[in-house]
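Here the structure is laid out as C-alpha cells; the discussion comes afterwards.
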Amino acid sequence: QAFGLQLGRLRNCSSKVNVHNYIPLGMGITCCRSDGAHAKDAKAQLDQTFGHGTGEALQEMSELLAGVDEQISGGKGLNHPLLINLGMILKQVEQERRYVQPITSHFKFVDMNVMRKAARYAKFASAAYLDSRKAIAEYIGGITVDDIKYHHSQSSSACPGFFVACDPETTEIVLCIQGRATATDALPEVVCTKESFMGGRAHARILEKARCLVDAAKDQVVRLSQESPRKSVAIVGHSIGAATAVLAMILLSGDGFPFSRLMAAAKVKCYAFAPPPIFEPLWALPPWVHASTYSFVNGMDCVPRVCLGTVSKLFLAMKQVDALPMTLLQRLSFLRGDYELEYQLPDYVEIPQELQSSLGSLYGIGVIILFYRSEDCRLQSETITPAMIDRILLHPFMVRDHLMVAYEQSTMEACAALR
C-alpha cells in the first residue's frame with residue numbers, strides 16, 4: 001500500500017510539470033534539478049540507439065523503481081538519475097549480447113487448433129483499439145458490421161473499452177477487451193497493490209477493471225450464449241486488456257456464475273496477448289483456470305515480465321550500478337559510446353528472504369506460450385513456466401515486441417510453421 005501511495009504521488013507530481021525537465025531522483029520523488037537536462041539527453045540517446053519509445057519506456061520504469069527505492073530505503077538509496085543508470089545497464093546488455101534469446105524451455109507448442117484461433121483472435125485484439133464497429137469489422141476481415149453485436153468504446157480508468165462479436169470463422173462468441181497499445185502506456189499500470197482473490201492475491205487495479213468489465217458486458221455475452229447454446233466463448237485481450245480478460249474469465253466462470261456450465265464443458269477459453277503478471281500463489285487457482293487460459297509472450301516484451309517483484313530485482317541491480325565510482329558525465333559518456341566501461345553491470349539481483357513478503361512477485365496464469373526467433377531467424381513457439389518470465393530482460397526489443405502487430409505477426413508465423 002505504501003508503494004501504491006508513493007507511486008500515486010509520483011504520477012500526481014509528474015502530471016503538473018514538464019517531464020522533460022523533471023526526473024526521478026533516488027529520493028522517491030520527482031524534483032527539478034540541473035540533472036534534468038542530462039536526463040533529457042539520455043532519453044534522446046536511448047531512442048537514437050535502441051529505437052523510438054525506449055527513452056519513454058525507461059522513464060516509466062524509472063518511476064516504478066523510485067517507488068521501490070522509497071519502500072526499501074525511504075528514498076535515500078541512490079545518487080544518480082534512475083534513467084541514466086537504467087540506460088547504462090541496457091547498453092551493456094546489448095553490447096555483450098547477454099540475451100540473444102529470452103529464457104525458454106525448448107518445449108515446443110504444437111497445438112494447431114489453439115494457434116490457429118490465436119492468430120485469428122490477435123486480429124480481434126488489434127481491432128479493439130479502433131473506434132467504430134465498421135473499422136473493427138474491416139480490420140479483422142471475414143466478419144460483417146452486423147457480427148459486431150455490441151461496442152463499448154468509452155474506455156475509462158475503471159472500465160476498459162470492449163466489443164462483443166459472433167465470429168463466423170471460429171463460430172464462437174468473442175468478448176474482446178481493449179488494453180494499452182504500447183509498453184510506455186502499459187507500464188504505469190502494471191505495478192500495484194494486491195487484493196485477496198480466489199484463495200490467493202491478485203493485482204488489485206486490474207481486478208477492479210475486470211469486475212467493471214463483467215458488469216458492463218455480461219448481459220450481452222450471456223444473451224448471445226443463450227441464443228446460441230452450442231457456441232463456445234472466447235475472451236480476448238492485449239496488454240492490460242489481456243490481464244483483464246483472464247480475471248474476467250474467472251469471474252464469469254466460477255461455480256454459480258453465468259458460464260460455469262460452459263466452463264465445465266471446456267467451452268470457455270481466454271486468449272491473452274502480453275498480459276502482465278496478476279496472481280500469486282498459482283497453486284491456489286483451480287485447475288480449470290490454467291487449462292482454459294493461453295497467455296502469449298512475444299520475444300523480449302517487457303510488460304509480461306513486470307511486477308513489483310521483478311522491478312525490485314532490477315532496482316537492487318541498479319543500486320549496485322549507482323554505487324560505482326563514476327561521475328554523472330562519465331555515465332552519460334558511456335551512453336553516447338564515448339567512454340569504455342571497465343565494470344560488469346548486473347541486470348537483476350535476487351530479493352533477500354527478509355523482503356520476499358513485501359516485494360514478492362505476481363505471476364502469469366495458464367499455458368504460457370513464448371514466441372522468439374532462433375539464431376537462424378526462424379520463429380519458435382514454446383511453452384514456458386511462470387518463473388521463466390519472473391525477471392525483466394532489458395533489451396532493445398523490449399518495447400517494440402509489446403506492439404499488438406508484433407503478436408499478430410508471430411501467431412501467423414507460428415501457424416504457418418505448424419502446418
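The values are calculated or read from the model by the stated rules, or taken from the named source; none is laboratory data. Please read all numbers here as calculations on a predicted model, not as lab measurements. Counting neighbours? That spans all protein chains shown, and the Cβs are built from the backbone with ideal geometry, glycine included. For the accessible areas, the whole protein counts, side chains as well, though only heavy atoms, and no ligand, DNA or RNA atoms are used. Shrake-Rupley method; radii C 1.70, N 1.55, O 1.52, S 1.80 Å.
Below is a table of values for the structure above.
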read-out	value
Filter pass, Tyr372 being touching a strand residue (DSSP E or B) at 6+ places or on another chain (Cβ under 7 Å), open to solvent by 50 Å² or more (accessible area, probe 1.4 Å) and not aliphatic (A, V, I, L, M)	no
Subset of segment 321-374 (residues that are at positive phi and modelled with pLDDT of 95 or more)	Gly366
Some residue of segment 404-414 being farther than 20 Å from Ser239 by Cα and not aliphatic (A, V, I, L, M)	yes
Single match in Pro386, Pro346 (criterion: within 21 Å of Leu65 (Cα to Cα) and open to solvent by less than 60 Å² (accessible area, probe 1.4 Å))	Pro346
Ser232 vs. criteria open to solvent by less than 10 Å² (accessible area, probe 1.4 Å), among the hydroxyl-bearing types (Ser, Thr, Tyr) and at pLDDT 95 or above	no
Which listed residue is assigned to a helix (DSSP H, G or I) and modelled with pLDDT of 50 or more, from Gly36, Gly8, Gly4	Gly36
Residue that is farthest from Ser253 (Cα to Cα), among those in segment 197-216 that are open to solvent by less than 10 Å² (accessible area, probe 1.4 Å), of a type in the set (A, V, I, L, M) and assigned to a helix (DSSP H, G or I)	Ile206
Checking Glu413 against (1) open to solvent by 10 Å² or more (accessible area, probe 1.4 Å); (2) at pLDDT below 95, the condition it does not meet	(2)
Residue that is over 23 Å from the mean Cα position of the chain (by Cα) and open to solvent by less than 40 Å² (accessible area, probe 1.4 Å), where the choices are Leu224, Leu251	Leu224
Tyr129 open to solvent by 50 Å² or more (accessible area, probe 1.4 Å), closer than 15 Å to Thr244 by Cβ and modelled with pLDDT of 95 or more	yes
Number of the exception - Pro102 against (1) touching a Phe, Trp or Tyr at 6+ places or on another chain (Cβ under 9 Å); (2) modelled with pLDDT under 90	(2)
Residue within segment 284-302 that is among the charged types (D, E, K, R), under 20 Å from the mean Cα position of the chain (by Cα) and farther than 20 Å from Met198 by Cα present	yes
Criterion (assigned to a helix (DSSP H, G or I), small (Gly, Ala, Ser) and open to solvent by 10 Å² or more (accessible area, probe 1.4 Å)) met by exactly one of Ser381, Ser361, Ser312, Ser333	Ser333
Exclusive hit being under 17 Å from Ile235 (Cα atoms) and assigned to a strand (DSSP E or B), set Ala272, Ala266	Ala272
Candidates Tyr372, Tyr348, Tyr339 - the one that is of a type in the set (Ser, Thr, Tyr), closer than 30 Å to Thr411 by Cβ and in contact with a helix residue (DSSP H, G or I) (Cβ under 8 Å, 6 or more places away or on another chain)	Tyr348
Members of segment 99-135 that are without any contact (Cβ under 8 Å) to a residue 40 or more places away in the chain and either under 24 Å from Asp401 (Cβ atoms) or basic (Lys, Arg) (or both)	Asp111, Leu130, Arg133, Lys134
In segment 77-97, the residues that are touching a strand residue (DSSP E or B) at 6+ places or on another chain (Cβ under 7 Å) and not in a loop (DSSP other than H, G, I, E, B)	Leu82, Leu83
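A quick yes/no check of all residues on (1) modelled with pLDDT under 95; (2) open to solvent by 10 Å² or more (accessible area, probe 1.4 Å); (3) under 29 Å from Asp390 (Cβ atoms):
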| position | (1), (2), (3) |
| --- | --- |
| Asp147 | no, yes, no |
| Ser153 | yes, yes, no |
| Ser156 | yes, yes, no |
| Glu169 | no, yes, no |
| Ile173 | no, no, no |
